[in-house]
């Protein structure tokens, strides 16, 4: 993997899921190992996930998140719709619905109760220090030295009702979009975009769209995406466009790796298969979204209808926007 990527490290956790779906909502201890604990004095902009909430609350959480994703993706991709390439537009929206699940399990913030939840090594910075002194310096500068440090030491947190933010395995990747603190400190960290789910999604989707726009404009250069059509005219495989943008721009950090997902000898084929699995879930959406290690999220009627319209328009080369327009207002 290249160091300029937005990492997809959540997938490296080998976690048991046997206790995730008990009848009574209970704390998902698997998630404990994937979180930093946030200073309770910091004001955050949600939504906030709780694995200790009931089904109705989880439905509201997922529905609110999907609305944010679609609104942000629409704002960054609507030029394709205006230009008449409706499939490119719905491809971008489908990509935006998939990447936060791949990267952050559809979680930015987690509300949880427990005196043993805060991870001492993570919050102190000892975890990220193992990933290099430069990473450790960035972590301390942005998260530890303020009057109200974003990540206080666990011993300084007096409440057992806490809010956490999802991180990658070595602590250098942060949020629902798993933004690398090593390579994105000058904007994402400096402007504290991690304190807002909407700002985080905007940042991550913008990074995705840089790759999407470049590959789309030069699609003939990517044999894994450009397919021969009638009279030897090239046509775009839009599903492969999603796979390629994630494999190249987002996970590898270089659009030169766009066709990595189509290389059976790639050392990262496991990563690409994992992403394809999540993309297939999105494409097969039927009202419930199954997020590994977290929950089966049922969406409310409006969010579900908009989600379905997006994927059905992509698969069917149509442009039915009644439900989508309803939540974009």
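The figures follow:
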{"item": "Options 146, 122: the member that is at pLDDT 95 or above, more than 18 Å from residue 297 (Cβ to Cβ) and either touching a strand residue (DSSP E or B) at 6+ places or on another chain (Cβ under 6 Å) or in a loop (DSSP other than H, G, I, E, B) (or both)", "result": "122"}
{"item": "Pairs with Cβ under 7 Å, 6+ apart, first in the stretch 44-58 and on the phi > 0 side of the Ramachandran plot and in a strand (DSSP E or B), second surrounded by fewer than 13 Cβ atoms within 10 Å (Cβ to Cβ) and modelled with pLDDT of 95 or more", "result": "none"}
{"item": "Whichever residue in the stretch 133-145 is free of Cβ contacts under 8 Å to residues at least 40 places away in the same chain and over 17 Å from residue 194 (Cα atoms) and, among such residues, is surrounded by the fewest Cβ atoms within 10 Å (Cβ to Cβ)", "result": "133"}
{"item": "In the stretch 60-108, residue surrounded by the fewest Cβ atoms within 10 Å (Cβ to Cβ) [restricted to those that are closer than 27 Å to residue 318 by Cβ and touching a strand residue (DSSP E or B) at 6+ places or on another chain (Cβ under 8 Å)]", "result": "87"}
{"item": "Close pairs (6 angstrom Cβ cut-off, 6 or more residues apart or separate chains): free of Cβ contacts under 8 Å to residues at least 12 places away in the same chain in the stretch 192-220, in a helix (DSSP H, G or I) anywhere", "result": "193/199; 193/200; 193/203"}
{"item": "Unique residue being surrounded by fewer than 19 Cβ atoms within 10 Å (Cβ to Cβ), at pLDDT 95 or above and touching a strand residue (DSSP E or B) at 6+ places or on another chain (Cβ under 9 Å) when the list is 281, 326", "result": "281"}
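The values are calculated or read from the model by the stated rules, or taken from the named source; none is laboratory data. Keep in mind it's a predicted model, so treat the numbers as computed, not measured. Positions of Cβ are generated from backbone atoms using ideal geometry, with glycine treated the same way; all protein chains shown enter the neighbour counts.
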